[in-house]
Amino acid sequence: MAPSKFLIFFLSCFLLSFFVIARKELALETTEEEGHHFHTLQLSSLLPSSTCNPSTKGDKKKGSLEVVHKHGPCSKFSDDVVKPLTVEEIFTHDQSRVDSIRARSTFNKGKKDTLGSKATLPAKSGSTIGSGNYIVTVGLGTPKKDLSLIFDTGSDLTWTQCQPCARSCYKQQETIFEPSASTTYNNISCTSTECSGLTSATGNTPGCSSSTCVYGIQYGDQSFSVGFYATDKLTLTSKDVIDNFYFGCGQNNQGLFGGAAGLIGLGRDKLSIVSQAAKKYGKVFSYCLPSKSSSTGYLTFGSSKAAKGVKYTPLSTSQGASFYGLDLNSIYVGGTKLPISPSVFSTSGMIIDSGTVITRLPPTAYSALSKEFRAQMTKYPLTKALSILDTCYDFSNYTTLTFPKISMLWSGNTKLDIAPQGVFYANGVSQVCLAFAGNGDDSDIGIFGNVQQKTIQVVYDVNAGKVGFASGGCA
Ligand SMILES: *[C@@H]1O[C@H](CO)[C@@H](O)[C@H](O)[C@H]1NC(C)=O
Ligand SMILES: *[C@@H]1O[C@H](CO)[C@@H](O)[C@H](O)[C@H]1NC(C)=O
């Protein structure tokens, strides 16, 4: 294998309804309205807990994969394999992921190049793994070998480290997948259409080694995986089995995968699991990210598991082949609509991403958000900023908190109330921050991140061109 050939990578609510109500009921309505716009809860419920308390809502779903936070007590990863990240590291990695998404997104590209305000970025420089990763455990091969993979809606290729690790494998929690021990493993030939499909899925032209297709994927933070492109049986659950699943069998792997055996690509492009299993699941999948790292969520393929109350917003495809683009129209804080011109959101565009931690907004929108949030939170003392988060409170003297609800109104008049755990990012009781941040420039792409997706069932219906939300999907 000549890794140099392919290691030449590019740089790296609800509908606003106005009910006609009888005058008599008006007084009562007002009180209910107030409760409707604020969350009141125990401060402790915003803080991490050290024991795993699996969600009884999510993981009881049949045919679902359990989703756990890599660094939480529900993950089986031990601290000597996965060193927990510091808060600073989490935010540094999160920013690299945001930067790499911006580089890969096609939205606004032409505009920037014409203006010459940004360096011309390569068409695809790979995504960054980031740090806010959730993992699922799947079975690969025959007999099946359990592997914990990072799940990523921002990339397409699925890969795992493979024996004999011809060049390098990083330390992972489970033993490394052994292709020679699987009776259903097959190498993919260099001349197959799936091999050429790697170019769009990874941003790199595939290589060829004794007629076996060789993939290479580099992530923005210097992490990479290179190896043989192969097929094997993928067992998601006892009922959900995909024969001849295409994946990367990594022989040279390095980076920030923190003990996970690899990655499962849930992007929109043709080699992703979503596209590969299109016949079986109709390009529908859904997940719920738990409220805390000490709880569990789920990942489900197929439409049957979608909750009844799901409200959909159209999928926009102008952000790039892999990404799930959404159109945000407005933001509400404690029932007050922020004075942001809709053109602010339509100029930046937005994607929903499972791997970005903190939601990124155009700076004009973020300043309106933090201004209104601060105005409604004056009874609590502000404290110093936490990295990219500048609206932070010291709650040391409180046990119960009352704070405004944040809702996002998406195209199609779909209003999503962010769960209470999605409003704040806590670095201990004395520094609890509004978990949103502004981008550097109003033209930079917005990202709906995973803190804000907590406890929401997010349904991706790619064929129907829509993404849906339902509150209370998991605990
Ligand atoms: C897959 O291809 C590689 C490179 O040609 C080879 O070393 C390996 O033995 C092959 N594995 C199988 C199971 O054919
Ligand atoms: C907490 O209360 C004490 C006593 O009233 C006060 O001195 C202190 O400044 C308060 N701390 C914060 C962060 O509000």
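The values are calculated or read from the model by the stated rules, or taken from the named source; none is laboratory data. Remember, it's a predicted structure, so these values are computed and weren't measured experimentally. All Cβ positions, glycine included, derive from the backbone under ideal geometry; neighbour counts span all protein chains shown.
Just a few scattered comments:
- Meets criteria (more than 16 Å from ligand 1 (Cβ to nearest atom), outside the structural domain of Ala201 (by the TED database), part of a strand (DSSP E or B) and touching a strand residue (DSSP E or B) at 6+ places or on another chain (Cβ under 9 Å)) for Arg360: yes
- In the set (1) touching a Phe, Trp or Tyr at 6+ places or on another chain (Cβ under 7 Å); (2) closer than 30 Å to Ser318 by Cβ, Ala278 fails one condition alone, (1).
- Condition check for Thr399: farther than 25 Å from Pro342 by Cα and either crowded, with 19+ Cβ neighbours inside 10 Å or away from ligand 2 (no atom under 12 Å from the Cβ) (or both): yes
- Pair list, Cβ under 8 Å, 6 or more apart: region 176-190 residue under 10 Å from Leu140 (Cα atoms) and modelled with pLDDT of 95 or more, other residue more than 16 Å from ligand 2 (Cβ to nearest atom) and of a type in the set (A, V, I, L, M): Phe177/Leu140; Phe177/Leu147; Phe177/Ala261; Pro179/Ala230; Ser182/Leu140; Tyr185/Ala230
- Residue match in region 231-245 (condition: surrounded by fewer than 18 Cβ atoms within 10 Å (Cβ to Cβ), among the basic types (Lys, Arg) and in the same structural domain as Pro164 (by the TED database)): yes
- Count of residues meeting criterion [more than 16 Å from ligand 1 (Cβ to nearest atom) and surrounded by 19 or more Cβ atoms within 10 Å (Cβ to Cβ)] in region 190-224: 12
Yes/no per residue for (1) assigned to a loop (DSSP other than H, G, I, E, B); (2) over 21 Å from Gly473 (Cα atoms); (3) not assigned by the TED database to the domain that holds Ser291:
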site	(1), (2), (3)
Asn397	yes, yes, yes
Leu401	no, yes, yes
Leu409	no, no, yes
Leu416	no, no, yes
Ser430	yes, yes, yes
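- Of Ser293, Ser316, Ser322, all but one fail to be of a type in the set (Ser, Thr, Tyr) and in contact with a His (Cβ under 8 Å, 6 or more places away or on another chain); the exception is Ser293.
- Per this entry, Lys292 is not counted among residues that are away from ligand 2 (no atom under 16 Å from the Cβ), assigned by the TED database to the domain that holds Cys165, basic (Lys, Arg) and part of a strand (DSSP E or B).
- Members of region 461-475 found to be buried (at least 23 other Cβ atoms within 10 Å of the Cβ) and not small (Gly, Ala, Ser), listed by number: Val467, Phe469, Cys474
- Residue that is more than 16 Å from Ser225 (Cβ to Cβ) and hydroxyl-bearing (Ser, Thr, Tyr), where the choices are Thr160, Thr153: Thr153
- Test: Ser78 is among the small types (Gly, Ala, Ser) and modelled with pLDDT of 80 or more: no
- Hits in region 375-387 (condition: outside any loop (DSSP other than H, G, I, E, B) and either within 16 Å of ligand 2 (Cβ to nearest atom) or modelled with pLDDT under 95 (or both)): Leu382, Thr383, Leu386
- Residue selected from region 403-454 under the condition at positive phi and of a type in the set (Gly, Ala, Ser), by the criterion modelled with the highest pLDDT: Gly412
- For region 149-164, a residue qualifies if it is touching a strand residue (DSSP E or B) at 6+ places or on another chain (Cβ under 6 Å) and either modelled with pLDDT of 95 or more or of a type in the set (D, E, K, R) (or both), and the qualifying residues are Asp152, Asp156, Leu157, Thr158, Trp159, Thr160, Gln161, Cys162.
- Exclusive hit being assigned to a helix (DSSP H, G or I) and either of a type in the set (Phe, Trp, Tyr) or assigned by the TED database to the domain that holds Tyr324 (or both), set Gln421, Gln452: Gln421
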